[in-house]
Amino acid sequence: MFVFILIVICVMYFINRIIPPLYYWKKRGIFYVNPLIRLQQVFFNGKSFAQIIRQAYEEYPDKRYYGSYQFLKPSLFVRDLDLIKQLTVKDFDHFTDHVDIFRGDQDSILSKNLFTMKGKEWRELRTTLSPAFTSAKMKAMFVLISEAAKKFAEHFQDLNEEIVEVEMKEAYSKFTNDVIATCAFGISCDSLKDPSNEFFSMGKLVTATSPLRMLRALLFGFFPKLIHLLRIPAMPEEVTSFFKRIITDTISFREKEGTIRPDLIHLLMEARKGKLSHESQPSNTNDAGFATVAEIRDSKSKSTLEISDDLVTAQALIFFLAGFETSSSLLSFYPTS
C-alpha cells in the first residue's frame, strides 16, 4: 500500500511539475520549440552545446524571438540585436532575476555573484560594479595581460628548438589561468614552468568532467530544489575555500600596505569604499557597454549593499569560472600557421 501511494505521489508530481511548463509558450501564443527536440539533440545526436546554440540561432531566421527551454524551464531565445540591446541596456532593470542554480548555505559564495543574484540585491550590485567594467578600466589591465603574454612567448623561445610540438589546449589553459590570476586575483604565476601551482590545479579541478559531474549538472538543471534539499554543493569545498583565502589575504595585505594594482580586486575594493565612478565617455563613441548605461550612471538612488569579502570573492570567482575554459578553448582554434 505504501509503495502504491508513493507511486501515485510521484506521478502527481510529474503531472503538476513537469507537464505544465511544456505548454508555457503555447498558452501565450508565442512560437516555440518543443523541449523534447532539444533534449534529443543533446543526448542522442552527439552535438556539443555550442553546436546546439548555433543551430537554435540559425534555424528560425525569420523570428525576432521564440520560446525555448533550458532543461524544463521556459526561456526566451532572442535573435534581434536591437531587442537584445533594449533588454540588456535600456530596460535592464526590469529583468532582475536569474536562474536559481546556486542556492542556500551550501553555495554561499557562488550564490553571491552578479549572475545569480535577484531583485534589489542584483540591481544594487550591478549599479555598484558597473563602473569597474568601463573600457578605460579594462584597458588599464592590458599591462597585466601583456606581461603574461610575454612570459608565454618567452617560454617557447627559450626551448631553442627548430620545431616545437605543443598541445595547444593545454598550453592556452595555462596562459588563460595566468592571465586571470593576475587580472582578477593579483597573483603572478607561470603555469608553463610550474604546472603544479595551486591556482592552475584548482582551475583544472573545477573544469574537469566526469560521469558523476555530468549527472550532477543534469540534476541541477532538472531538479534544483532537490539539489537544494540534499545540500549538494555545485563546487568542491576545497575550491571555494582556496579562492576565499586568496581574496581575504590579498585584501588584508593591500589595506595594510596601501598596495595599488590595476586588477579586479583593486576595483572591487574601490567599490567597497564608494570611490569607484564612471569616467566621462567621448560623445562620439559607442563603446559604452553595460558599464555606462545611463540608467545606472544617472541613478540618484544610493546603494545600501554591503560589499563583504565573500561578495568580492564571488565576483572574482565567477570571473575565473567564466574565462578559464572558454578563453582557452577559443584560443585553441586560432590559426597559428
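Throughout, read-outs are computed from the coordinates displayed, never taken from laboratory work. Remember, it's a predicted structure, so these values are computed and weren't measured experimentally. Positions of Cβ are generated from backbone atoms using ideal geometry, with glycine treated the same way; all protein chains shown enter the neighbour counts.
What does the highest-first list of 83-94, 197-208 look like by mean Cβ count within 10 Å?
Working: 83-94: 13.2, 197-208: 16.8.
Most protected by this proxy first, the peptides run 197-208, 83-94.
Report the gain in length on full extension from Leu81 to Asp62: 0.36 nm times residue separation, minus Cα-Cα distance, nm rounded to one decimal. Provide the component values of the computation, followed by the final result.
On the way: separation 19, 0.36 × 19 = 6.84 nm, distance 1.33 nm.
My answer for the length gained is 5.5 nm.
If I fit a long axis through the Cα atoms of helix 168-184 and take the longest principal axis of the Cα atoms of the chain, what angle between them do I get, 0 to 90°, rounded to 10?
80
What residue among Ile251, Cys189, Gly274 has its Cα farthest toward the positive end of the dipole of the chain, where the charges are +1 on Lys, Arg and -1 on Asp, Glu, each on the Cβ?
Result: Gly274.
Placing unit charges on C-beta atoms (Lys and Arg positive, Asp and Glu negative, everything else neutral), compute the dipole magnitude of segment 1-80 about its Cα centre in debye, rounded to 20. Could the numbers behind the result be given before it?
On the way: 11 positive and 4 negative charges, 33 e Å.
Value, rounded to 20: 160 debye.
Using the number of other C-beta atoms within 10 angstrom as an exposure proxy, rank Phe115, Phe324, Phe49 with the fewest first. If you can, show how the numbers build up before the last one.
Numbers: Phe115 15, Phe324 22, Phe49 9.
Ranked by crowding around the Cβ, least crowded first: Phe49, Phe115, Phe324.
Filter Lys174/Lys204; Lys26/Lys225; Lys151/Lys193; Lys137/Lys174; Lys120/Lys225; Lys174/Lys256 down to the pairs with a C-alpha to C-alpha distance above 20 Å, please.
On the way: Lys174/Lys204 10 Å; Lys26/Lys225 25 Å; Lys151/Lys193 10 Å; Lys137/Lys174 24 Å; Lys120/Lys225 23 Å; Lys174/Lys256 31 Å.
Over 20 Å apart, Cα to Cα: Lys26/Lys225; Lys137/Lys174; Lys120/Lys225; Lys174/Lys256.
Between helix 211-222 and the chain, what is the angle of the helix's C-alpha long axis to the longest principal axis, kept within 0 to 90° and rounded to the nearest 10?
Between helix and principal axis, roughly 60 degrees.
Evaluate the Kirkwood expression for the hydrodynamic radius of the chain, namely the inverse of the mean inverse distance over all pairs of different C-alpha atoms, and round to one decimal in Å.
After inverting the pairwise mean of 1/r, the radius is 22.9 Å.
By how many nm would the segment from Gln51 to Glu237 grow when fully extended, if each residue of separation counts as 0.36 nm and the alpha-carbon distance is taken off? Let's see the in-between values first.
On the way: separation 186, 0.36 × 186 = 66.96 nm, distance 3.21 nm.
Full extension of this stretch gives 63.7 nm more.
For segment 3-14, what does the Karplus curve 6.51 cos²θ - 1.76 cosθ + 1.60, with θ = phi - 60°, yield as ³J(HN,Hα) per residue in whole Hz, taken in order and with x for Gly and Pro?
Result, rounded to whole Hz: 4, 4, 4, 4, 5, 4, 4, 5, 5, 5, 5, 4.
What is segment 1-77 by shape, rounded, prolate or oblate, if you read a ≥ b ≥ c off the alpha carbon gyration tensor as root eigenvalues and call it rounded for a/c under 1.5, prolate for a/b larger than b/c, and oblate otherwise? Don't skip to the end; give the middle numbers.
Details: a/c = 4.35, a/b = 1.81, b/c = 2.41.
Oblate.
State, to one decimal in nm, how far the label point of Glu270 lies from the label point of Leu331, with both points 7 Å from Cα in the Cβ direction.
About 2.6 nm, to one decimal.
Based on a Kirkwood Rh over C-alpha pairs, give the Stokes-Einstein translational diffusion coefficient of segment 203-279 at 10 °C and viscosity 1.306 mPa s in µm²/s.
Translational D for this selection: 102 µm²/s.
So what's the angle, to the nearest 10 degrees on a 0 to 90 scale, between helix 309-332 and the longest Cα principal axis of the chain?
Tilt relative to the chain: about 90 degrees.
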